[in-house]
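Here's the structure we're looking at; comments come further down.
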Amino acid sequence: MLPRLPQLLSLFGGECLQIAGNWWKRLAQHGAGTPRKNCGQEKRFDLHPPIVRVKVGLRSSKLVGMMIGQVAKESGLAASAIRYYEQVGVLPKPIRVSGRRQYHPSILERLALLERAKACGFSLAEMRQLFYGFREGTPPSERWRILARRKIAELDELAGKIAATKELLQRPCACKDFAECGRRIFAKKRAGRERS
């Protein structure tokens, strides 16, 4: 299956693209359906020309984007992790050429950001929210600040639980057997309930 023309155009990154009869250039200058005089005749440029021949001044290897193996190698992630990120919706779906994923080089920047978010303890749902959970036009710094504030509050709560657990672990045990330990723990628990 061949990719659609807009998908191909996004891969060229501003490279020279020639289309039969300079139709694309005229369309860009005058817009679709715009009348134009030519030697006393009026022509219309429609969005559906009878034949569009694409001639690209690139080798076929540059026509397609990066393959998943190349993305994995450059990002330091496993290809399965990249596919998983697509599946859960934190990476956009790539175009496919002959059934193979083709990525724009900017995918490396998105993966670097995902790895930073993962290192900061963000869940996949929070990563999805970072990219897609805000109004369009919200700057990345604002998105990060809002999510980071929530994450810091979670970490503070977790730090309190860790400190309490550490205190329990550091208490010496003077019990002779587990039954005695159980009786002491249960008695403290009952006394705490009676006080409240």
Can you say whether GLN87 is outside any loop (DSSP other than H, G, I, E, B), surrounded by 15 or more Cβ atoms within 10 Å (Cβ to Cβ) and at pLDDT below 95, as far as the supplied structure shows? no
Does region 110-118 contain at least one residue that is touching a Leu at 6+ places or on another chain (Cβ under 8 Å) and farther than 23 Å from VAL71 by Cα? no
Given (1) surrounded by fewer than 11 Cβ atoms within 10 Å (Cβ to Cβ); (2) in contact with a Gly (Cβ under 7 Å, 6 or more places away or on another chain), index of the condition LYS151 fails: (1)
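Does LYS176 meet the test of being under 30 Å from ALA117 (Cβ atoms), without any contact (Cβ under 8 Å) to a residue 40 or more places away in the chain and of a type outside the set (A, V, I, L, M)? Explain how you work it out, then say what you get.
Working: under 30 Å from ALA117 (Cβ atoms): no; without any contact (Cβ under 8 Å) to a residue 40 or more places away in the chain: yes; of a type outside the set (A, V, I, L, M): yes.
No, not satisfied.
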Counting only residues that are out of contact with any helix residue (DSSP H, G or I) (no Cβ under 6 Å at 6 or more places or on another chain) and surrounded by 10 or more Cβ atoms within 10 Å (Cβ to Cβ), how many does region 165-187 have? 9
I'd like to check something: does region 131-149 contain any residue that is outside any helix (DSSP H, G or I) and β-branched (Val, Ile, Thr)? yes
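The values are calculated or read from the model by the stated rules, or taken from the named source; none is laboratory data. Bear in mind the structure is a predicted one, so any value in this text is a computation, not a measurement. Cβ coordinates were reconstructed from backbone atoms using ideal geometry, including for glycine residues, and neighbour counts include every protein chain displayed.
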